[in-house]
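Let me begin by presenting the structure, written as structure tokens, before commenting on it.
The values are calculated or read from the model by the stated rules, or taken from the named source; none is laboratory data. All values derive from a computational prediction rather than experimental measurement. Using ideal geometry, Cβ is built from the backbone for each residue, glycine included, and neighbour counts are taken over all protein chains shown.
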Amino acid sequence: MWSNSSSSFFLLSGFPGLEAAHHWVSMPFFIIYISVLLGNGTLLLLIKEDHNLHEPVYYFLAMLAATDLGLTLTTMLTVLGVLWLNRREIGNTACFSQAYLIHSLSLVESGVLLAMAYDRFIAIHYPLRYTSILTSTLVVKIGLGVLMRGFASVVPPILPLYFFPYCHSHVLSHAFCLVFYVTVIELSLIHSFGKEIPHIVHLIMSYVYFLFPPLMNPIIYSVKTKQIQSAILHLFTTHRVEP
């Protein structure tokens, strides 16, 4: 048994058995990482610059983009550190803090999606009262409520981790510290009914949740929303370098 002190640390294994191919494995991760940064960063820029997008639904979409950026930055820097630099050691405090941020941002994301669904409900059922119901004050309150829910509700289960003593191996079979509730269900099914499935499949599934939504959200909303398509055209046709 080893105590949880400032000198204690975990070892991130990355992809066990594929250490020699870590640089190749890192390529799709890096491409997705850059795509997430560009996609969500562009979405935030569009909403900031285009006054036609200064509406509640786009404010919530901006929150979603910012949350996806935070989630990706929180995880991918550690992942790429393992894959590129073989930097496997992570202190207890850093590990638990990363777990806290990942879970908190996941809850924030679910809250933002709920807020976006509420916005569409009001727009469809009460179109004439939309602006009077979803006022700026209410949007701010919803946003603050979503943030408080996400960052406060994770404190009770995460805080004790800083003080527990730990025994056995301190090697984590991931390149980051957390497990998402969606992938937990899938991994439980695999452990129960698919014990012959290679361990690498378990690891890949754990990366799907935090990479796929941040990558796809800007694409989905850009394709489905004409206002954002117009804003993209406006951004690239009007922002030119003056002679």
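Being in contact with an Asp or Glu (Cβ under 9 Å, 6 or more places away or on another chain), surrounded by fewer than 21 Cβ atoms within 10 Å (Cβ to Cβ) and not in a loop (DSSP other than H, G, I, E, B) is a description that applies to PHE10.
Looking only at region 121-135, decide whether some residue is in contact (Cβ under 8 Å) with a residue 24 or more places away in the chain, more than 17 Å from the chain's Cα centre (by Cα) and in a helix (DSSP H, G or I). Explain how you work it out, then say what you get.
At the first step, the residues of region 121-135 found to be in contact (Cβ under 8 Å) with a residue 24 or more places away in the chain are 123, 134.
Narrowing the set further to residues that are more than 17 Å from the chain's Cα centre (by Cα) leaves 123, 134.
If we keep only those that are in a helix (DSSP H, G or I) as well, we get 123.
Checking region 121-135: at least one residue is in contact (Cβ under 8 Å) with a residue 24 or more places away in the chain, more than 17 Å from the chain's Cα centre (by Cα) and in a helix (DSSP H, G or I).
Annotation: ARG87 fulfils all but one of (1) surrounded by fewer than 17 Cβ atoms within 10 Å (Cβ to Cβ); (2) assigned to a helix (DSSP H, G or I); the unmet one is (2).
For the list (1) more than 15 Å from the chain's Cα centre (by Cα); (2) in a helix (DSSP H, G or I); (3) of a type outside the set (Gly, Ala, Ser); (4) surrounded by fewer than 19 Cβ atoms within 10 Å (Cβ to Cβ), I need the number of the one condition that LEU37 fails. Only one criterion is unmet by LEU37, namely (1). Within this structure, PHE176 passes the test of being assigned to a loop (DSSP other than H, G, I, E, B), buried (at least 16 other Cβ atoms within 10 Å of the Cβ) and modelled with pLDDT under 85.
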